[in-house]
Each structure stands twice: as structure tokens, then as C-alpha cells.
Amino acid sequence: MSDQVLAEIKNLHTYFYLAEGVVRAVDGVDLTIKAGRTLGIVGESGCGKSITALSLMQLVPSPGKIEEGEITYYQTIHQTESASTSNVIEITKLKPNSREMRAIRGNQISMVFQEPMAAMLPVRTVGAQIMEAIMLHQQVNKVEARERAIDILARAKLPNADRIVDTYPFQLSGGMRQRALSCNPDILIADEPTTALDVTTEAQILDLMRELQREYNMAIMYITHNLGVIAEMAQEVAVMYMGKVVEQTDVASIFRNPLHPYTQALLRSIPQLDDVMARAGQKKRLETIKGMVPDPYSVLPGCSFHPRCPQFMEGVCNEVEPAVIEVEPGHIVRCHLYASRSTKARAN
Amino acid sequence: MLAYILQRIIRVIPQLLLISILAFIIIQLPPGDIVTRQIERLQASGVTVSEAQAQALIRQYGMDRPMYQRYLLWISKIITKFDFGYSYTFEKPVAQVIMERMGYTFAIALFAHIFTWTVAIPIGIYVAVKQYSITDYIVTLVTFVGLAVPAFFLAMIIMYIALTRFGIRTGGLFSQEYMVLPWSWGKFVDLLKHMWLPIILLGTGGVAGTIRTMRAMMLDELRKQYVTVARAKGLSEFSVIVRYPARLAINPILSSVMWLLPPAVSSWRSSSTCKRPARRYTLRCGIRICIWPARIF
């Protein structure tokens, strides 16, 4: 049960057509989301993490468009306690506003967003906004929906849930954002949910998410640029750069044996307590990745990381697009450095 | 919240008193008062007014007393008896003059606002959602023209077209036969028949501005995260728009509801341009002057 595949993203391309040019926000991403597992997605701002998530829900904001690729959702409908039927849904084939897509959205695939304050409308009560989602997806009346909303708030460890239900969002602190869980989704997409929170609240929310994951065997797609949170939460990690997954493996390998120069650079730019102590007195700065993420309109020949790569190979990296290489079983990387070490080279 | 509203209402009282004092002083400032006018009128009709008679008149109208006493007399009557005094122009109590007009004007202003909103708010929402579409550009063009054209001028054009093309008489709120009759269902229907034009006339003036406000507010709100959150819940696009961004974007428009009140009292003149036949002459002249240069091109 625990390794059951819930969703597969294959060769996803989501482009934004702007007056200044085409932004290839997601440019060939393959990901697999499994029940009961957490897939972490890391990368700098603008590397396409959020757009990948929004593509999965068919919520790419205009003028963005899913240009190519497939997203398959393996839906399980629980008819009774034991019996259930599965349904294969091609999300990319559904219209963004179709009834079918809306039935999945917020029900089986839910999303938690980055800014706690901006996620709710200030003029409607917290309860009303949670109940809305419950009443939309479950056949319940207002009173039952209200009870469930209170239950959800209580589950989210909010004190006095029956009182909070009638408060307005601005009366609450940033820590309350669990409303997305209101329908026990199969897949929860968490888009930097704790970035705007303080560390103690962050820890509580992470605990809560893991608790709910155990209880409902829920899959989590956790988007962040905080590698510390990834270490704590995820089992699988995908590192994204310029709309592509450059390295993907289990969480232990990403920290112990990072292969892609970008992953290595990311890990080096985290301050380590030992280093900080060792450097005390010396005027040595924390290592950063040189350069900036390139202009989003540009299409770089070869590997998109080559202008910033410390192991840049002239004539290779800036000319040939690196293929996806499986260096070890379950550890894939998109880099020319490992071209010879591949166990099984896959053409892109 | 109730305490807050009460507090705001209580705060209005000293302001109103201050305004009434200022208005009272300003009215007294120019030379000449009701007594001099009365004397002039008597003299014009051939009656000689002696000094003693003049003094008696001055005493009768209380003009011999200091201004603050006259003010107190005036304001205390307003507060205690709702008596604003007597209008020598209309030869009726002032309160009656105000009430006669205010009822209709307020009704017209209210319906005109409702007309403005029912037209402008949906259009404003629509063009914000379809930003940079053909519809948006057309509506934007029309609203800019609408903003540039003064409301009274637009009103004149609509009246002109109504009269010349459709033969709709724009004068008066009642037909001749109902003018003097007491209230009845028939009179009410007759009122509605005559009222829709002034309502549209006044309402159209606000449409362009309201569309612009609504569009700008919607564009701000549509970018906010709660809109994506609402979509992520699985709501239909219509529910998302109406329940979330539109609910917030409508605030500046709703908060202008009370703007109904000042025109209800002070600018009854603008709606009376449609009501009083005597003014139609000036209106027609105005239309001719404005249309004449247009013919040159």
C-alpha cells in the first residue's frame, strides 16, 4: 500500500507566453508521487517548483499554459471500508475549469500556500471559508460542515476551535493554515508553507503534517528552498534548476552523495555550525553560488547551469544538453560529468 | 461595532452645529435683510413706510436683537419643532419646501445609484477578469469618453434623443391629470413612468467612474493568493470571482452609498432640470450650442 503510485508527471512543459518572450517555467519535468511518501522539491526562486505544483492542479495562472507532457492521477474511490475502485485520470486532458477537475481540486489534491495572511479573505470568517470546501466535496449540510470545520481546526491543534470558527482571519496568527487538509486529500501539495512562520510554529506544522500523513497514508509534495526542512520531511528529493529536475534521489543520498554541481553548491551554501566556529576570527565568507539565475526568457544551449558551474567543460556543457543519467539505482542526475558512469543512460 | 457606529453618530452633532452657525453667519453677511426687502416691497406698491413702522417691522422679525440670540431662536425651533421658519420666496414654511423636494430627489438619487451599480459593477468585474481583451479595450475607451464628458451634458444629449427620436417628454414627474390628485396606485405608476428617464440620466453619469474603480480594485484583488486558494478548493470560476475578489473590490463603491445624501439636499436642481418645464428652454439652448460646432465637422 505504501508504495502505491498516486500521480505521475511525465515530460511536463509549462510555458508562459509574455510580450517579452516565452518563459519556460517548467521544461521537461518527470516526477512520481507515491502514497504515504513525501517528495521534496528544492531549488532557487523562479526555478519552476511552484509552477510544477500548480500544473498538477491545473491552476497555472494566465498567460501560462501546459504545453506538453502528461500528468496521470491514479484515483482511488473508496466505496466501502474494504472495496475500492481505481480510476486513471489524465489531468492534462481535463479542462482547467471542468467539473471533473474541480472535483479533484481541494478534494483529492489539496494545496497549502506560502503566505498565511494572504491565503484567506479578510472579510469572511475562517469557518465559512473552510465549510465552503467541505460542502463542495461532501454531501453534508451546513451544521455538519460546521462540525467538521471545528474538528479540522481542533486537529490543527488550535485552541478553542469552536470559537475560532467564527473569527475573521486577521484575528488569528500566521500559524493557522491547515484548512487545505479539510477533505483528507490523497495528495497534499505544500508550497513553502512554513517560510513565513517562526521556527516553533514551523516545527508544529511539520509535525502535524507528518501525523496526518501517517493517519491517511497521504502523499505530500513539499516545495521549499530550505534543505533543513527537506531533511526532516522528505523521503525523495528532486532538485530543480531552470525548469528542469537536475538531480533526483532519496533524501540520504542527496546529503551524503550529491552528484550534480548545482546540488553540491546548494549544500555548500548552508551555514554549518562547525564551519562558523572554525571560521571565527578569519574573515571568510559563506560560500555562495556565483552568478544569478539567468534571464528567464533566455534559452541556453547545453546545460542550463553551465554559466555558473564550477566544473564547466568548454565545448560540452555549453553545447550538448545533458541526458538523464541513472548513476545508481534510484539516483538520477542530468550532468555530463557522469556520462561515463551511467548504469543505464536514458535519452531525454 | 454598534458602539463604534454610535460614537461616530454622536460625533456628527458638534459638526452639524458648527456648520449651522457658519451658514447662519454667512447668510447675514451681505447687506440687506428681510426687513429692508419688506419695506422696499411696500414702497414699490406705493405705501410710504414711516420710521416707526420700520422699527416695528424690525422688532417683529427680531432684527433688533444680537446675532447670537437670533441664531439661538432659529436653531432651538429647528431642534424642538422641526420648524425652519418661513420661506418668503415660496411663501410656505421652509420645512415643507424641503420635504416636498427631498422625497422625490432622494428616491431619484437612490434609484439612479442602483441603476449605476447594476450596470457598472458586473461590467467592471467582467473587464477585470478579461483584462486586455477586445471587450476590455472597448469598455475602457467608452468609459474614458464617459469620464471626459460632463454628466449634465450627457444628460442633455440623452434627453434630446429621447425627445426627438422617441417622443418621450422629459419634463415633469407626473402627467397633467395626476399633478394635483392625491396619492393613488395610478399616480404611483404614473410617477414610475416619468421617473425612469431622470434615473437613467443621473445614473449614467456615475457608470464610467464606477466601472473604472471596480476594474482597478478587481485587478488588485485578482492577483492575491486567496484567489488561487479559492480555486484550489475546487470552486467554480464564477463562485471564486463573486465570493472572493469581488466581495473585497466592492468595498470602495459600497462605502460611497452615503454620497446619496448631499445631492439629495443640495443638487435637487440637477434632477429638477428634468422636472421643471421652465428650464427646458435653457436646456434646449444648451443642446443647440453644443451641437452647432459639431455640425461644422
- request: Mind telling me which of the residues A:Ala119, A:Ala156, A:Ala133 ends up being more than 13 Å from every other protein chain (Cβ to nearest Cβ) and within 24 Å of the chain's Cα centre (by Cα)?
  value: A:Ala156
message: Restricting to the range A:287-312, give me the number of residues that are buried (at least 16 other Cβ atoms within 10 Å of the Cβ) and over 29 Å from A:Pro271 (Cβ atoms).
response: 1
- prompt: Only one of these conditions is not met by A:Ile51: (1) buried (at least 18 other Cβ atoms within 10 Å of the Cβ); (2) within 14 Å of chain B (Cβ to nearest Cβ); (3) in a strand (DSSP E or B). Which number is it?
  reply: (3)
field: Candidates B:Thr116, B:Thr105, filtered to the one that is closer than 30 Å to B:Glu237 by Cα and touching a helix residue (DSSP H, G or I) at 6+ places or on another chain (Cβ under 7 Å)
entry: B:Thr116
- prompt: Taking into account only those residues within the range B:221-246 that are closer than 14 Å to B:Tyr126 by Cα and among the charged types (D, E, K, R), which is modelled with the highest pLDDT?
  reply: B:Glu221
- request: Please specify each residue of the range A:194-238 satisfying the condition of being more than 14 Å from A:Leu39 (Cα to Cα), in a helix (DSSP H, G or I) and among the acidic types (Asp, Glu).
  value: A:Glu202, A:Asp207, A:Glu211, A:Glu215
query: Looking only at residues in the range B:217-235 that are out of contact with any helix residue (DSSP H, G or I) (no Cβ under 6 Å at 6 or more places or on another chain) and part of a helix (DSSP H, G or I), which one is farthest from the other protein chains (Cβ to nearest Cβ)?
result: B:Asp220
field: Candidates A:Leu94, A:Leu31, A:Leu39, A:Leu54, filtered to the one that is modelled with pLDDT of 80 or more and in contact with a Gly (Cβ under 9 Å, 6 or more places away or on another chain)
entry: A:Leu54
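Do any helices (runs of 4 or more DSSP H) lying entirely in the range B:1-102 carry at least 2 residues that are at pLDDT 85 or above and among the hydrophobic types (A, V, I, L, M, F, W, C), and which ones are they?
Answer list for the range B:1-102: B:2-28, B:67-81.
The values are calculated or read from the model by the stated rules, or taken from the named source; none is laboratory data. Here the structure is a predicted model, which means the values were calculated and not measured. All Cβ positions, glycine included, derive from the backbone under ideal geometry; neighbour counts span all protein chains shown.
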